Amino acid sequence: MLDKIDFAVKVPCNNEVCPNSLVPQDVRERKGSFFTPKIWVDLSQKYIADVLGNNWQNEYYVWDCAAGTGNLLAGLTNKYNTWASTLDKADVDVMYDRIDNELNLLKNHCFQFDFLNDDFDKLPKELQDIINDEKKRKKLLIYINPPYAEGDARIGKGRKGIHESKTHSKYKNDLGKASSELFAQFFIRIYREIPGAMLAEFSKLKILQAPNFEKFRNIFRAKLEKLFLVPANTFDNVKGVFPIGFFIWNTFKQQKFECTTADVFDKKGNFLNRKSIFAYDNSKYINDWLKENSKHISKNYIGHLASVGNDFQNQNTIFIDDVDKKRKKGGRHTMISIENLTVASIYFTVRKIIPATWFNDRDQFLYPNEGWKTDEEFQNDCLCYTLFNNNIQSKYGVNHWIPFTEYQVAARDKFDSNFMTDFIDGSAGGYGCKEKTKREFSETAKNVFKAGLEVWKYYHTQPDCNINASLYDIREYFQGRNNEDKMNNKSNDETYNELTGNLRFSLKALIKKIEPKVYEYGFLL
């Protein structure tokens with residue numbers, strides 16, 4: 001299949017997606033679905049041919065039941081076997097105009113139809129005959145890019161109540177928490193009421209991976225024949241960094257989805273790699289592990305760990321800051337004491353070291369196996385990473401996170417807390433620590449400490465330095481903030497830039513060392 005694809009094809013500009021002179025901007029923007037670029041329309045039809053055969057347009061009937069203005073059907077050649085229905089009469093009128101110019105459809109095969117509410121007896125008789133005939137139904141391909149809007153599960157402007165439909169009411173028990181998703185409603189009606197048909201569709205990966213879709217996956221047992229992934233922001237009016245998949249399902253073959261391998265393409269249509277995708281059903285997640293290992297801790301808090309979700313899309317919401325800092329509600333908030341410091345450091349490191357990309361956006365972090373418990377080098381590597389990447393600020397309370405002594409940095413006075421160096425040396429008994437074993441760090445971690453020490457030492461040569469400064473404080477001191485109160489990326493002090501550059505370089509080596517353990521211990525599949 002892949003050798004048939006022209007990888008040199010470029011992403012079309014908006015007026016190449018389809019003739020936009022015939023598709024008003026207000027029509028495109030009001031759609032719940034994403035307007036499908038021509039590059040992905042062409043690729044999807046090549047994938048359909050790979051599954052159904054090169055003569056599929058003559059051997060199969062095609063119905064786009066969420067057609068909008070018909071751009072997904074561009075390039076089809078057999079207008080006698082193709083139907084297009086859409087919710088809005090205005091979209092039907094646009095398709096009529098396009099048929100007069102370039103769209104290869106019959107006008108009497110384009111019609112207004114509310115797929116989530118209307119009965120099938122409102123369909124053209126020929127299409128009804130196909131749906132009602134089991135033999136013909138197996139030759140029906142539902143080819144759609146359905147709306148992705150959500151209902152009350154995530155209320156926003158114009159979203160409340162959007163999920164309400166006859167399909168929602170009829171199949172809400174089958175859908176479970178996925179019932180608020182419009183595209184899931186399309187799929188369940190197709191699966192239940194047009195059994196045996198092929199379904200080729202563009203949608204988010206929630207259908208395969210999201211915990212809220214677990215019940216849906218138990219019901220929707222169609223076989224996934226083929227899948228490719230592309231960046232969502234290649235679709236009109238989409239700014240999000242996440243994958244859109246093109247799925248080909250055989251509803252005649254009963255198979256619960258567990259895992260698959262998808263082809264991944266970049267925004268220009270170039271093949272990148274193949275990606276394994278897992279359902280995670282019946283899995284326990286990394287937040288379960290954090291919660292379980294933070295149950296019985298003392299109230300001698302040294303920090304706070306914020307986290308949301310178990311996936312990459314929430315990576316920016318993972319941070320460690322101070323106990324006393326005021327913060328917004330929402331998400332998971334775990335207080336850090338000496339008893340769960342190691343676990344918190346592992347959690348923080350595992351969630352942060354692998355960059356979030358558009359194609360791993362929905363990958364879930366899981367409850368690990370037991371291997372991490374005996375790997376002290378891994379534990380200490382994670383502690384080292386955490387010490388040089390947190391958001392602790394001394395202005396919010398006592399800074400317990402200084403990884404050096406006053407003597408090492410040549411401080412002008414005593415620190416308010418020597419907790420971290422005592423913890424590392426195994427002498428933090430005053431904080432309730434029963435462990436008296438000194439922590440031994442790998443050579444890679446030692447290089448991070450060496451680079452970090454030079455940053456601290458240089459800061460403490462400044463005449464107005466804060467004795468108890470954290471690394472965040474040091475960065476803020478040298479880099480300053482812009483007019484939007486965001487910390488600048490660099491400083492005017494070249495010595496500081498060189499020292500922090502050395503620290504970043506050593507941290508990259510540490511990250512490279514830790515990353516294989518993330519998979520070895522089952523945090524990621």
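The residue list Gly176, Gly269, Gly245 contains one member that is over 24 Å from Ala49 (Cα atoms) and not hydroxyl-bearing (Ser, Thr, Tyr), which is Gly176. Note on the range 253-271: residues that are over 22 Å from Tyr148 (Cα atoms), without any contact (Cβ under 8 Å) to a residue 60 or more places away in the chain and of a type in the set (A, V, I, L, M, F, W, C) amount to 1. Any residue at all in the range 145-160 that is assigned to a loop (DSSP other than H, G, I, E, B), modelled with pLDDT under 95, out of contact with any helix residue (DSSP H, G or I) (no Cβ under 6 Å at 6 or more places or on another chain) and crowded, with 20+ Cβ neighbours inside 10 Å? No: zero hits. Of the helices (runs of 4 or more DSSP H) lying entirely inside the range 337-429, the ones with 2 or more residues being within 30 Å of Phe242 (Cβ to Cβ) are found at 341-352, 376-387.
When Lys223, Lys204, Lys239 are checked against the criterion of being touching a Phe, Trp or Tyr at 6+ places or on another chain (Cβ under 9 Å) and modelled with pLDDT under 95, Lys204 stands alone in meeting it. Being part of a loop (DSSP other than H, G, I, E, B), without any contact (Cβ under 8 Å) to a residue 40 or more places away in the chain and either hydroxyl-bearing (Ser, Thr, Tyr) or under 19 Å from Asn380 (Cβ atoms) (or both) holds for only one residue in Lys438, Lys512, and it is Lys438. The set of residues in the range 85-132 that are assigned to a helix (DSSP H, G or I), aromatic (Phe, Trp, Tyr) and closer than 25 Å to Ile188 by Cβ contains only Phe120. Among the residues making up the range 107-138, those that are surrounded by fewer than 18 Cβ atoms within 10 Å (Cβ to Cβ) and under 13 Å from Thr82 (Cα atoms) are Lys107, Asn108, Pro124, Glu126.
Checking each residue in the range 13-61 for being surrounded by fewer than 16 Cβ atoms within 10 Å (Cβ to Cβ), among the small types (Gly, Ala, Ser), in a helix (DSSP H, G or I) and modelled with pLDDT of 50 or more picks out only Ala49.
Note on the range 89-106: residues that are over 14 Å from Asp64 (Cα atoms), touching a residue at least 40 places away in the same chain (Cβ under 8 Å) and surrounded by 14 or more Cβ atoms within 10 Å (Cβ to Cβ) amount to 4. Kindly establish whether Asn250 is in contact (Cβ under 8 Å) with a residue 12 or more places away in the chain and farther than 19 Å from Ile48 by Cβ. So Asn250 fails the test.
Here Tyr385 meets each of (1) at pLDDT 95 or above; (2) closer than 15 Å to Ala469 by Cβ; (3) among the hydroxyl-bearing types (Ser, Thr, Tyr) with one exception, condition (2). Of all residues in the range 464-496, those that are assigned to a loop (DSSP other than H, G, I, E, B), under 35 Å from the mean Cα position of the chain (by Cα) and surrounded by fewer than 17 Cβ atoms within 10 Å (Cβ to Cβ) total 10. Kindly check whether there is at least one residue in the range 308-326 that is within 28 Å of Ser417 (Cβ to Cβ), under 16 Å from the mean Cα position of the chain (by Cα) and at pLDDT 90 or above. Yes, the range 308-326 has at least one match.
Taking the residues in the range 62-77 that are surrounded by fewer than 22 Cβ atoms within 10 Å (Cβ to Cβ) and not aliphatic (A, V, I, L, M) as candidates, determine which candidate is farthest from Lys125 (Cα to Cα). Checking each candidate, the answer is Gly75. Could you please let me know if Phe213 is farther than 28 Å from Lys135 by Cβ, modelled with pLDDT under 95 and outside the structural domain of Leu87 (by TED's automatic domain parsing)? Judged against the criteria, Phe213 is a match.
The values are calculated or read from the model by the stated rules, or taken from the named source; none is laboratory data. Quick caveat, the model's predicted, so the values are computed rather than measured. Heads up, the Cβs are rebuilt from the backbone with ideal geometry, glycines too, and the neighbour counts pull from every protein chain shown.
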